[in-house]
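To start, the structure under review is shown below, and the notes come after it.
The values are calculated or read from the model by the stated rules, or taken from the named source; none is laboratory data. Predicted, not measured: the structure shown is a model, and the values here were computed from it. When we count neighbours, we look across all protein chains shown, and the Cβ atoms used for this are built from the backbone with ideal geometry, even at glycine. Note: areas computed on protein heavy atoms with side chains; ligands, DNA, RNA excluded. Shrake-Rupley method; radii C 1.70, N 1.55, O 1.52, S 1.80 Å.
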Amino acid sequence: MNIVSTGERYRASTVAAFEAAVLVRCTGVCGGGGRARALGGSRVRSAFTHAPAGVLAEFSRSVAAERLVELLGAAGHSASVHRYTAGTRHRYEIFRVVTGPTTAAFLDSAWQQGYLDLCGVPDQPRSARQIRHARRLAESAWRGVLLVSGPSRSGSPGLRVADLETATVLIRAGRTMSMPVRMSTRPGGQILLVMPQQAAA
């Protein structure tokens, strides 16, 4: 058995699971996302409590739903996308991700581990491998949020993130990638702004 290759595959799986957890949290459907309607590229029904069992998240963009299915597959959990049309006067398409009953708990664990890896004690020494892994987690977090979250309002800069934990992860992820991020708290969530390097200095 190639131990190095096995370790790399495991780390790739944990990164995929963490990005999937970020996607789900940004929809606000389940987990710690905290809101029934997400912003920007993700649109979910306000009455999610009536959704069938096994529904993990709902998106208004197929690319987000397909990405979630891809990530879950890489992490060892099967899922599928189901499309339907919602609304009355104004019709819109919803892309629903359906998966097994254990996936939500798995993503909760993946989120907790990724949060620890990114937001643990910053002064604790890290090996080169741990630093590389943290950077991959950071990149995956920003991929997830950019795929489903949009500006706070038309013409306004920044991304709105519903819960503080997700915002904290994105700030730490930005620092890991040398990308200065500032946060301000507004009604309904946090606004994250990516600052120019000279402004952050």
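Couple of notes before you dig in:
- In region 76-120, the residues that are farther than 30 Å from residue 175 by Cα and of a type in the set (Ser, Thr, Tyr): 78, 80, 84, 85, 88, 92, 99, 102
- Region 94-122, residues that are acidic (Asp, Glu) and within 18 Å of residue 24 (Cα to Cα): 108
- Taking region 94-109 as the range and being touching a helix residue (DSSP H, G or I) at 6+ places or on another chain (Cβ under 9 Å) and in a helix (DSSP H, G or I) as the test, the residues that pass are 103, 104, 106, 107, 108, 109.
- Candidate set: region 138-161, residues that are at pLDDT below 85 and charged (D, E, K, R); chosen: the one nearest to residue 112 (Cα to Cα): 160
- Among residues of region 167-188, those that are closer than 15 Å to residue 117 by Cβ and among the polar types (S, T, N, Q), counted: 2
- Those residues of region 110-146 which are among the polar types (S, T, N, Q) and not in a loop (DSSP other than H, G, I, E, B), in sequence order: 112, 113, 130, 140
- Test result for residue 101, over 18 Å from residue 22 (Cα atoms), open to solvent by 100 Å² or more (accessible area, probe 1.4 Å) and in contact (Cβ under 8 Å) with a residue 12 or more places away in the chain: yes
- Any hit, region 89-97, residues being touching a residue at least 60 places away in the same chain (Cβ under 8 Å) and under 18 Å from the mean Cα position of the chain (by Cα): no
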